Amino acid sequence: MSEQYTYAVARIRSLETALFSNAVIDRLIACSDYEQCLQFLVEKGWGGADIPMEAEAILGREEEKIWEVIKELKIDMDKFDVLSYPKLFHNLKAAIKEVCTSEKSRHIFYDDVSIPGEEMRAIIQEKDFTKLPAFMQDAAKEAYECLLHTGDGQLCDVIIDRAALDAVYHAGQEAEDAIIRDYAESTVAVADIKIAVRSQRTAKSLEFMKRAMAECGSVDVSRLAKAALNGMDAIQEYLKDTVYAQGAEALAESPSSFERWCDNRIIQTISPQKYNAFTIGPIVAYVIARQNEIKTVRIILSGKLNELPDDSIRERVREMYV
């Protein structure tokens, strides 16, 4: 093992014992109401002494704790860049919409990324796209001009979302660590499958799908897009001949089962890292697992707040890493 990761992996192994298992998630779902869920989380150490008994405050604090651990371990933050791309491109999208439309102060920005919300807004306001990373500049210009001159918010979203997928995949291709390569491959492929499914349901054109989908190694986007034109059954038939055959089964079951499978596929991708003690893999996997855990808890809290039946909430929850 690299001396750089000896202590870090040992520390992560100890932290993994505090990750929520499927059994703990079942106990959270079994709580009688939203307030009892919050109390359960606090008893599990979520939030903190100065954190309000509110969902977003507690979940936001848990997200902060992830990166506090990584900084404590003195791991190069560049290793985790690919995990921040969705938030970074979200900031770009939100900034463009605020600058180009009358929808001021209606968008949520993330500040735990390399370009926080206010800085991103200033860059777009000044049209100084050179201050953005190279992999964002062309998409930023195109999306800005598109929204400013046509008002087509959906096309703006497609341009930025596609650029985000391309950035994730390129980062994966360039990565030295297998877990980043595998994560990027699964992330882009699952996103392409989601695009195909949603495009089929909303009768989008082949041109729309080709613009929205990003190339990757495990999915033929041309065949996938053409399958979407022929119906949901055709998408399922295509997926059955790929490594994403379980996605076809989930798609046949229900929309919520399919959405759950999309996230579970990422957890299945990183799960082998539990048995790998010789690379940065377990550390990256821990970060992804914690993010998945927080996302799952958010789904449960939302269900409780909206008084959904436990079975309905359970259908939406994600697979846990431990």
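The values are calculated or read from the model by the stated rules, or taken from the named source; none is laboratory data. No experiment lies behind these values; they were computed from the predicted model shown. Don't worry about glycine lacking a Cβ; one is built from the backbone with ideal geometry, like all the others, and counts go over all protein chains shown.
Quick notes
- Condition met for I51 (among the β-branched types (V, I, T), assigned by TED's automatic domain parsing to the domain that holds K304, out of contact with any Lys or Arg (no Cβ under 8 Å at 6 or more places or on another chain) and closer than 30 Å to A8 by Cα): no
- Number of residues in region 56-93 that are of a type in the set (S, T, N, Q) and either at pLDDT below 95 or not in a helix (DSSP H, G or I) (or both) equals 1.
- Apart from one condition, R318 fits all of (1) surrounded by 21 or more Cβ atoms within 10 Å (Cβ to Cβ); (2) in a helix (DSSP H, G or I); the exception is (2).
- Scan of region 115-160 for residues that are under 25 Å from K79 (Cα atoms), of a type in the set (G, A, S) and surrounded by 13 or more Cβ atoms within 10 Å (Cβ to Cβ), ordered by number: G117, A139, A140
- D26 in a helix (DSSP H, G or I) and within 30 Å of E145 (Cβ to Cβ): no
- Of the candidates E215, E176, E207, E119, the single residue that is without any contact (Cβ under 8 Å) to a residue 12 or more places away in the chain and in a loop (DSSP other than H, G, I, E, B) is E176.
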